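Rule-based calculations on the coordinates, nothing more; no lab input. Small disclaimer: the values here were computed from a predicted structure and weren't measured. Please note: Cβ atoms are built from the backbone with ideal geometry, for glycine as well, and neighbour counts cover all protein chains shown.
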Amino acid sequence: MPKNLVIVESPAKAKTIEGFLGPDYIVKSCFGHIRDLSKSDISIDVNNNYAPKYEISPDKKEIIKELTKLSKSVDTVWLASDEDREGEAISWHLSEALNLDQSKTKRIVFHEITKQAILKAIDKPRQIDYNLVNAQQARRILDRLVGYELSPILWKKIKPSLSAGRVQSVAVRLLVDREREVNGFLSVSGFRVVALLSFTHQGKPYVLKATLPRKLANEQEAQVFLESCLAATFNVGSVEKKPAKRTPSAPFTTSTLQQEASRKLGYSVSQTMVLAQKLYEAGKITYMRTDSVNLSETALNAAREQINNQFGERYHKQRQFTTKSKGAQEAHEAIRPTYMENPTTEGDSQEKRLYELIWKRTLASQMSDAELERTVVKVSISTQKEQLEAQGEVIVFDGFLKVYIESTDDLSEDEEGSGLLPPVEAGLSLNLDDMTITEKFPNSPPRYTEASLVKKLEELGIGRPSTYAPTISTIQKRNYVVKEDREGTPRNYTVLVLKKGEITSEKKVEMTGAEKNKLFPTDIGTVVNDFLMEHFSQIMDFHFTAKVEKEFDEIAEGMQEWTKMINQFYHPFHKDVERTLVESERATGSRLLGIDPKTNKNVYVRIGRYGALAQIGESDDEEKKFSNLRSGQRLESMTLEDALELFKLPRNLGDFEGKDMTVGTGRFGPYIRHNSSFYSLPKIDDPLLVDADRALEIILAKRKADAEKVIMRFTDTEPEIQVLNGRFGPYITQGKENFKIPKDRDPKTLSLADCVAIIADEANKPKKIKRGKK
DNA sequence: CAGTGAGCGAGCTTCCGCTTGACTT
């Protein structure tokens, strides 16, 4: 019987550690938090010093039973949860829930999963740090108070089932603010000058591409500039070379891994975490939920060895990075391969690519700076004071760039300043091949991707490595936010060209504002955000988390009583809650768009019980009219014209077989309705233009298709079974189930007995095997 | 699936941060 029970948070960790400790130790995992406030109500007694009502989480009952039993059979229980606020609380909850005898309970922490580190930890046990535990309780209770008092207000004032919280509501605010910034962005164009200048050097022809550093203000100025260049001569004025260097980024944390996997591999935040979890469980990488950029001694040594072997000593430079992000708790190492000597790994291709990314990033972080040479060439124009400029960059020593180049979210305008310049010297005379002046519009601030939102949240110190992915999915589940593509809109721009002594001007069209896989706030997300901003600006403040984190730190250091801190927060907050419940109007996001010229009534858009709608007439008007907004239409961007357009449908097209034909637009696009049947309108038809003849055509075509749908039926004997013609050819249907007809059978000649036999045959076939794994 | 949009009232929804599976398609 083992004499010692060690409890860690993660089962993968438990397995590794057990190997180090020998037969006297049994190592178990508690799978994270084991107790929490009950979900069913607020579970905090606000009138009794905020006494929390904890209960064992339903999914942890089983493991607690097992741990209790084990703890009774050993001499010593070692609580080895992580060394941060949450980890300390887990140890305390364990000690309470398992009813541990303090004299045989020891608290240990280690930062590295090596035999040495663990033995050292066991050598220096301590007691539970109650200041840290109280800091966690304060965090937990504040979050519960905010979440469980704000959400019900939203149910009453906006819509049931909505939610608000310290983290999610600020995440939505970032998106709403950005959306407004983008929509309000005024893009003032400038005119960009690019010249292609040729020369010969040692008998070989070269072209130098040079640009004017500033943009010209308008077309007229561009025209004047080109005219002045018509008779000009061009000379290289100066060539200046400067050394530069580039330094590798720190190894991955959760958030930087999510960002790079999104940029380089196109993974969603949650996809990255699922893959990383698999790599972790397979023992290939260290823990994937971390905010630390620290590498252990073991890792530093392994990286050095790998770099020296693979690239030579010149490529190695040992670096230890320091964590900058707010609120970092550093319970773990950075995310790195467990074995640096493996540049790649077995497994499915997605896992493999993520592993290789982690390996490269880790290795690069321990490599030398890249040395560059930047060259700036100035080109003089004889008729102008202003000079053109060409920039080049050459890698003198690649260093870490040999394995890893970090990506950025910025869409840099051009590829300026990269690559090798042709051989030029001061005084060299150049020949103008052509000069192009293109009208350019500056980009609006970029919309957020999942990963760039995580980056922003981390910068603000909001959320933790374990919650970034769940937060992103919560705000999408609540329908506050959607991730989607949007088509761009066409925009005109002007291009002026000087070539062979002639100046020409041309109007061109480019697409602008197209987005791929970006986060957009929905109407409901916007209405909830504006409501919270109006009544709870304190919670919505981007620095709210940072402020309370500072107080949690003070509690952790024993400088402040946790109940006092919560009390100071709760009193004013709860007053706001009560006042809002009484005073605030129902929030519908209602906007008055204008007046309907036909009826002279007001036209509104707002959120209704079933989503966004347009309304003509006041709410107490008996003859008011409603229409759903179309998909893609947003409350904020609706105009009077857009709204009036909606009321043009449904239209009555006239009578057929004694019943009205109407045309309308539903959830699945435009349709014709006749005698309570629906007929989808083909894409080529515009519901506003369709006439009675065309509607009739569509109805008859559908009837014909339906008539041909039934190949065989056995009405008398077995009305359940039919042979039908479907989208993919003939098939047999029985009730709600469909069955394939074997290729060698003619569907037209099948008898009922044949059908029954085929159904029995198909039903016996094994179900499709799961895809994914080989 | 092609409507609905108001109100009543029962009963429900909801937070953040630790951890993994157990479930289908």
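Mind ordering A:374-381, A:423-430 by average Cβ neighbours within 10 Å, highest first?
Ranked by mean Cβ neighbours within 10 Å, highest first: A:374-381, A:423-430.
What does the extension gain come out to for A:A546 and A:K499, with contour length at 0.36 nm per residue minus their alpha carbon separation?
The span from A:A546 to A:K499 would gain 11.0 nm if fully extended.
Starting from the Cα-Cα distance between A:M559 and A:E227, subtract it from 0.36 nm times their residue separation and give me the gain in nm to one decimal.
In short, 112.2 nm is gained.
Counting only pairs 8 or more residues apart or on different chains, how many lysine pairs in segment A:279-424 have their Cα atoms under 30 Å apart?
The number of close lysine pairs in segment A:279-424 is 17.
Provide, for q = 0.05, 0.08, 0.10 Å⁻¹, the log10 of I(q)/I(0) from a solvent-free Debye sum over equal Cα point scatterers in chain A.
Normalising to I(0) and taking log10 leaves -0.43, -1.03, -1.25.
Between beta-carbons, use under 11 Å as the cut-off and find the net charge around A:V8, counting Lys and Arg +1, Asp and Glu -1.
0
Just to be sure I follow the definition: excluding the sites themselves, where is the longest run in chain A that has none of the chymotrypsin sites (Phe, Trp or Tyr not before Pro) in a DSSP loop with at most 10 other Cβ atoms within 10 Å?
Counting at most 10 other Cβ atoms within 10 Å as exposed, the longest clean stretch of chain A is A:1-609.
Assigning unit charges at the beta carbon (Lys, Arg +1; Asp, Glu -1) and nothing else, what dipole magnitude in debye, to the nearest 20, does chain A show about its Cα centre? All intermediate terms of the calculation are to be shown ahead of the outcome.
On the way: 115 positive and 114 negative charges, 313 e Å.
The dipole magnitude comes to about 1500 debye.
How much length would be gained if the chain were fully extended between A:S238 and A:Q127, taking 0.36 nm per residue of separation minus their Cα-Cα distance, in nm to one decimal?
The span from A:S238 to A:Q127 would gain 33.0 nm if fully extended.
In segment A:1-75, which trypsin sites (Lys or Arg not before Pro) are in a loop and have at most 14 other Cβ atoms within 10 Å, using DSSP for the loop call? Before the final figure, lay out the partial values.
Numbers: sites: A:K3, A:K13, A:K15, A:K28, A:R35, A:K39, A:K53, A:K60, A:K61, A:K65, A:K69, A:K72; in loops: A:K3, A:K39, A:K53.
Sites meeting the loop and neighbour criteria: A:K3, A:K39, A:K53.
Roughly how many nanometres apart are two label points built 7 Å out from the Cα toward the Cβ at A:A753 and A:A217?
9.4 nm
Restrict the search to segment A:523-602; then list the GluC sites (Glu not before Pro) that DSSP places in a loop and that have at most 14 other Cβ atoms within 10 Å of their Cβ.
A:E557, A:E561, A:E585
Please work out whether segment A:458-574 counts as rounded, prolate or oblate from its C-alpha gyration tensor, where a ≥ b ≥ c are the square roots of the eigenvalues and a/c under 1.5 means rounded, while otherwise a/b larger than b/c means prolate and anything else oblate?
prolate
Report the trypsin sites (Lys or Arg not before Pro) located in segment A:461-541 that are in a DSSP loop and have at most 10 other Cβ atoms inside 10 Å of their Cβ, or state none.
Of the trypsin sites (Lys or Arg not before Pro), the ones in loops of segment A:461-541 whose Cβ has at most 10 other Cβ atoms within 10 Å are A:K500.
Starting from the 7 Å offset along Cα-to-Cβ, what nm value, one decimal, do you get for the label separation of A:K61 and A:E737?
So the two model labels end up 3.6 nm from each other.
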